[in-house]
Every structure is written in structure tokens, then in C-alpha cells.
1. Under the rule of -39500 (n - 2.57) per DSSP H run of 4 or more residues, summed and divided by the residues of the chain, what mean residue ellipticity at 222 nm is obtained, to the nearest 500 deg cm²/dmol?
2. Can you put F48, F71, F127 in order, fewest other beta carbons within 10 Å first?
3. Can you give the charge dipole size of the chain about its Cα centre, rounded to the nearest 20 debye, using +1 on the beta carbon of Lys and Arg and -1 on the beta carbon of Asp and Glu?
4. Starting with the fewest neighbours, write out T135, T12 ranked by other beta-carbon atoms found within 10 Å of each beta-carbon.
5. Sequence gap at least 6, Cα distance under 8 Å: using those rules, report the relative contact order of region 1-100 to the nearest whole percent.
6. Counting only C-alpha contacts under 8 Å and six or more residues apart, can you give the relative contact order of the chain as a whole percent?
7. Report, by chain and number, residues whose modeled amide H sits under 5 Å from the one on V58, excluding near sequence neighbours (fewer than 5 apart, same chain).
8. If one computes the Cα centroid of region 189-213 and of region 37-53, what distance in Å separates the two points?
Amino acid sequence: MTPAGYDAWYATPRGRWIGDTEYALASRLLAARPGDSLLDVGCGTGWFTRRAAADGLVATGLDPDPAALDFARANSDPALRWVEGDARDLPFADASFDHVLSVAALCFVDDERRAVAEAVRVARRRFAIGWLNRTSLLYREKGRNGGSGAYRGARWHTGREARALFRGLPVRRLTVRSAVFLPSGTPSARLLEQGAPAALPWGGLVVVQGEKA
């Protein structure tokens, strides 16, 4: 899929709803304030990075794909910063950002534990890292047998497995939450999503949030 095609999915009714729902969960968990700095690890075409910037954050997007970053630069405010780099070896000093965000990106990175450690290292205050959830309807539809479409090759985790990736790191107050319980995005699915507690473990995206110790 081309970067333009990937980003265009977020303009579809279902894509927009899923993106909005995932971002709302991560944003609520980070509790960032306008003017705070944020790094989006595995930003791809920058959809979530642009959302963070629209909320007043000083956002930086990092991704290993130069084509995706070219698209991001061409379709965003010049004030946003885009960096080509590897999630397992972030080109930033310790505690460089108030917050670190990553949405369903580390699922595609070899050595996720190393990428998680790097995200924690460069965070100064909070982090919210999301994985595709193996105990979800989305997994049943898109994740089995190696995955299909944009999900092909992804690793899917339970909330407990995602939390375990932070074991031994300088973190505290870890919280596991999920969203996108009915990924069809139909009107009834959207209505049910509004009443579903994020503490339920069955959403398509499972997010681990915490603070730097």
C-alpha cells in the first residue's frame, strides 16, 4: 500500500472512527497539556502526530520508512518535525520528550522489548504504547493465520503480555486499557463503544500507559 493510500484510509468513515477512538484513548491516558513535547514512534504517514499537533503539542514523528515521512512532510504544518529512524535505537538523548506515543507500530518491530526500553528512555514524564490485541474481535477478523491486509506480519499481544514488556524498566503506575471493541464501525458499534469501559481487555487496541520513574 502506498503512503497516500494508507493515509486515505483514515479519511473513510470507518478509518476515521477507529483513528479517533484510538487517539482519544491514548490522549486521555497521556493527559498532555498544550506546549508539551511528544514523540510519535512508528508514526508512518503522521496521522496521529498531526492529531497531537492539532491539540497544541510540540510533536515529532519518527519512522523508518522515508516514503511515509515524505508524505507526512508534504501534508502537514512545516512546524512539525519528522525524523527517519529505528524504534530500537532512537536518535535522541535521555528524557528528550515530555511524552512518548506509539499506536500499533511496535507490533511490526523485531525486538519489541528493546523498542519499549528506548521509548521509556527518551520519555521525561509519560508514555502510551499501543499494541494489536490478541483477545479481540479484530484479531479474529484480521489477525489469524499471519494476518491479512495491513495487519499481515503483525504480532498480537494480550494486555498482560504487553505489560510484561516493561518489566525491569524505570517505570511506575502502569495502566492497561483498550478500545475499538467492535471494529466494524457501524452506528451501533459506535454507540456501544461510548458505553464500554476502557478497562475491559477486549478492544482491538490495547494500550500500556505509565510514568517515567
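1. That comes out to -9500 deg cm²/dmol.
2. F71, F48, F127
3. In debye, rounded to 20, the chain gives about 840.
4. T12, T135
5. 27
6. Worked out over the chain, it gives 20 percent.
7. Those qualifying (amide H under 5 Å, at least 5 residues apart or on another chain) are G35, D36, S37, L38.
8. Spelled out, the Cα-based centre of one part sits 19 Å from the other.
Just so you know, all these numbers are worked out from the coordinates, no wet-lab data involved. Since the model is a prediction, treat every value here as computed from it, not as a measurement. Positions of Cβ are backbone-derived with ideal geometry, glycine not excepted, and every protein chain shown enters the neighbour counts.
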